[in-house]
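Here it is, the structure, as C-alpha cells.
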Amino acid sequence: MIPLARPVLGEPEQRALLEVLRSGQLSLGPRGPQFERAFAARLGARYGSAVSSGTAGLHLALRAVDVTDGAEVITTPFSFVASANVAVYERARPVFVDIDPLTLNFDVDAVAAAVTPRTAALLPVHVFGYPVDMRRLERIGVPIVEDACEALGGTYADGGAIGARGHPSVFAFYANKQMTTGEGGMVLTGDAVIKERMDSERNQGRSPNMDWLDHDRLGFNYRLSDLACALGLAQLERLDTLLAGRERVAALYRETLGELEGVTLPCENSGQARRGWFVYVIQLPHGVDRDSVVTALGGTHGVAAKPYFPAIHLMSYYREEFGYREGQFPVCEDVAARSIAIPFFPQMTEAQVARVGEALRAVLAAARRAAGPLASRA
Ligand SMILES: Cc1ncc(COP(=O)(O)O)c(C=O)c1O
C-alpha cells in the first residue's frame, strides 16, 4: 500500500533524542527556547512559542487576541475541524463564510460582509498550504489569528514567509506535516505581550519568571517536551530538503494527473504567492461516487486515499450546536463532496506517482461507466 504520508526521520533525529534522554531533562529544559528561536529565525518572525499541538496554539492565540464568551470568530467551513473548535473552547461562535473555488481559502469579500459588532477575530486558514490574501483581509481592521498549520514553506502575495506577518500564526508538527515533532505546534508573533501571555497560559498560568506554583492567571498544560523540541530542531535542519521533496512530488503529480479528464488539481501559484506543500488534494469530477473511488483505490490498487476535508458546518456537532445546514455554503459543500487526498510525502518515487496516476485513471473510468451517461465531465 502506498501510504498517504510518511515522515522522514534518520540519524540526526535519533542523535538529538538520545542527547535529551542522556541529559535527564525531558521537559522545560534548554531545547524549548532553542527550538522557538530557530523556528522564528527561519521564518523571519520575532517570537515563537512552542506548544503541544497546532490546536493548542490556535486556542492560546485566540485567547491572546481577547476572544471571549459570546464573541464571533469568522473562519472557513473548509478546514480541519480544529480551526473552528478553538473558538468554541472560549464559548465564542464560529461564523463560517463560503470559500473561493480556485484557492479553496475563505472568500475575503464574504468575510468583510460577515463582520458584526461582536466579531472579535478573523481566523484565516491557509488551506492545503495556499496563502490567503492577507493584505485585503488586514484592511477589514479586525484582529487576526492565522492558521498556518498546513502552510510551512509557503509565501504570501508580497513574497514574505507565511507566518511572519506579526499576527499570531500557528504551525503544527503532527507526523504528516512538512516537519514533525510527533505531536506539537508553534505560534509565531511579533508582539512581546502576546508571547508572554501564551507562554504563561501554556504552562498553567505560571508567572514568566517561573516562580514555582505562582499562578497569576488561568492556564493549561500545552507545553512541548524537550524530546519533541529536539526532534523539531533536527527536522528544521533538514527542512529545505523536506520542502524540496514535496515540491518535486507535486510537480510530478501535475505532469501525471494533468490529463485526467474532469479532475481538478490544486491551483497553481500566482505571482509571489506560493503554496507550502502539505497534502495533494484533488477534486473528482461531478457525478462520480467519491467513496467508491476511495475504496477501490485502497482495496484494488493499494493506493491510500481519503475524503479531505469534510465541510465542518455539516458535521453533526456543528449542525446541532449552531444550527448550520446544507445549502449555506454551496462552494464549500461542492468541493468538500468531491475532494480526496492521495499519497504525498517527500520520498515518493516517480514510479509511485505513476502508480497512483494509473490507479486513478482505471478507477475513474470504472466509476464513469457505473455512473452512466449522466456523469458530468465538466
Ligand atoms: C488546518 C489545520 N488546523 C489545525 C490543525 C491542528 O493541528 P494539531 O493536529 O497539531 O492539533 C491541523 C492539523 O492537521 C490543520 O490541518
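The values are calculated or read from the model by the stated rules, or taken from the named source; none is laboratory data. Worth saying up front: this structure is predicted, and the values here are computed from it rather than measured. Heads up, the Cβs are rebuilt from the backbone with ideal geometry, glycines too, and the neighbour counts pull from every protein chain shown.
Between residues in the stretch 66-80 that are under 28 Å from VAL331 (Cα atoms) and residues that are within 12 Å of the ligand (Cβ to nearest atom) and polar (S, T, N, Q), which pairs lie under 6 Å by C-beta distance while being six or more apart or on different chains?
Short answer, once both residue conditions are applied: THR75/SER83.
Please pick out the residue among LEU123, LEU152, LEU137 that is of a type in the set (A, V, I, L, M), near the ligand (Cβ under 10 Å from one of its atoms) and under 27 Å from VAL335 (Cβ atoms).
Working: LEU152 fails: near the ligand (Cβ under 10 Å from one of its atoms); LEU137 fails: near the ligand (Cβ under 10 Å from one of its atoms).
Of LEU123, LEU152, LEU137, the one residue that is of a type in the set (A, V, I, L, M), near the ligand (Cβ under 10 Å from one of its atoms) and under 27 Å from VAL335 (Cβ atoms) is LEU123.
Run down GLU247, GLU183 and say which single residue is more than 20 Å from ALA45 (Cβ to Cβ) and within 16 Å of the ligand (Cβ to nearest atom).
On the way: GLU247 fails: within 16 Å of the ligand (Cβ to nearest atom).
The unique qualifying residue is GLU183.
A further question follows. Residues that are surrounded by fewer than 24 Cβ atoms within 10 Å (Cβ to Cβ) and modelled with pLDDT of 95 or more, at least 2 per element: which strands (runs of 3 or more DSSP E) completely within the stretch 119-204 meet that? Show your work before the answer.
Values: elements: 119-123, 169-172, 185-189.
Filter on the stretch 119-204 gives 119-123.
Then there's this: What is the residue count in the stretch 50-84 for residues that are under 15 Å from the mean Cα position of the chain (by Cα), surrounded by fewer than 21 Cβ atoms within 10 Å (Cβ to Cβ) and more than 9 Å from the ligand (Cβ to nearest atom)?
Adding up the residues that qualify gives 0.
For the condition more than 15 Å from the ligand (Cβ to nearest atom), among the charged types (D, E, K, R) and under 19 Å from SER27 (Cα atoms), what is the one hit in ASP158, ASP199, ASP191, ASP240?
Testing whether each residue is more than 15 Å from the ligand (Cβ to nearest atom), among the charged types (D, E, K, R) and under 19 Å from SER27 (Cα atoms) leaves just ASP199.
Return the only residue of PRO12, PRO7 being touching a residue at least 60 places away in the same chain (Cβ under 8 Å), surrounded by 14 or more Cβ atoms within 10 Å (Cβ to Cβ) and away from the ligand (no atom under 16 Å from the Cβ). Steps first, please.
Details: PRO7 fails: away from the ligand (no atom under 16 Å from the Cβ).
Of PRO12, PRO7, the one residue that is touching a residue at least 60 places away in the same chain (Cβ under 8 Å), surrounded by 14 or more Cβ atoms within 10 Å (Cβ to Cβ) and away from the ligand (no atom under 16 Å from the Cβ) is PRO12.
Which number in (1) surrounded by 24 or more Cβ atoms within 10 Å (Cβ to Cβ); (2) over 18 Å from HIS59 (Cβ atoms) marks the one condition that ASN105 misses?
Exception for ASN105: condition (1).
Those residues that are buried (at least 22 other Cβ atoms within 10 Å of the Cβ) and among the charged types (D, E, K, R), I need them from the stretch 224-247; list them, please.
Within the stretch 224-247, ASP226, ARG246 qualify.
Take THR116 and tell me if it is more than 16 Å from the ligand (Cβ to nearest atom) and among the polar types (S, T, N, Q).
Numbers: more than 16 Å from the ligand (Cβ to nearest atom): yes; among the polar types (S, T, N, Q): yes.
Yes, satisfied.
Report every pair of residues separated by at least 6 positions or lying on different chains whose Cβ atoms are under 8 Å apart, first residue within the stretch 274-285 and on the phi < 0 side of the Ramachandran plot, second among the basic types (Lys, Arg) and in a loop (DSSP other than H, G, I, E, B).
Here the result reads PHE278/LYS177; PRO285/ARG377, each pair linking the stretch 274-285 to a residue that is among the basic types (Lys, Arg) and in a loop (DSSP other than H, G, I, E, B).
Additional query: Determine, yes or no, whether GLU146 is closer than 25 Å to ILE282 by Cα and either within 13 Å of the ligand (Cβ to nearest atom) or in contact with a His (Cβ under 8 Å, 6 or more places away or on another chain) (or both). Steps first, please.
Values: closer than 25 Å to ILE282 by Cα: yes; either within 13 Å of the ligand (Cβ to nearest atom) or in contact with a His (Cβ under 8 Å, 6 or more places away or on another chain) (or both): yes.
Taking the combined requirement at face value, the residue satisfies it.
Among the numbered conditions (1) over 20 Å from ALA164 (Cα atoms); (2) out of contact with any helix residue (DSSP H, G or I) (no Cβ under 8 Å at 6 or more places or on another chain), tell me where LYS195 comes up short.
For LYS195, the exception is condition (1).
Go through (1) touching a residue at least 24 places away in the same chain (Cβ under 8 Å); (2) over 17 Å from the mean Cα position of the chain (by Cα); (3) more than 14 Å from the ligand (Cβ to nearest atom); (4) on the phi < 0 side of the Ramachandran plot one by one and return the number of the condition PRO94 breaks.
Going through the list (1) touching a residue at least 24 places away in the same chain (Cβ under 8 Å); (2) over 17 Å from the mean Cα position of the chain (by Cα); (3) more than 14 Å from the ligand (Cβ to nearest atom); (4) on the phi < 0 side of the Ramachandran plot, PRO94 breaks only (3).
Follow-up. So in the stretch 289-344, with the set limited to residues that are in a strand (DSSP E or B) and of a type outside the set (Val, Ile, Thr), which one is farthest from ASP98 (Cα to Cα)? Can you show your working first?
Taking the stretch 289-344 and keeping what is in a strand (DSSP E or B), we get 303, 306-307, 339-342.
From the residues that got through so far, the ones that are of a type outside the set (Val, Ile, Thr) too are 306-307, 339, 341.
Details: LYS306: 22, PRO307: 19, SER339: 16, ALA341: 21 Å.
The extreme case among them is LYS306.
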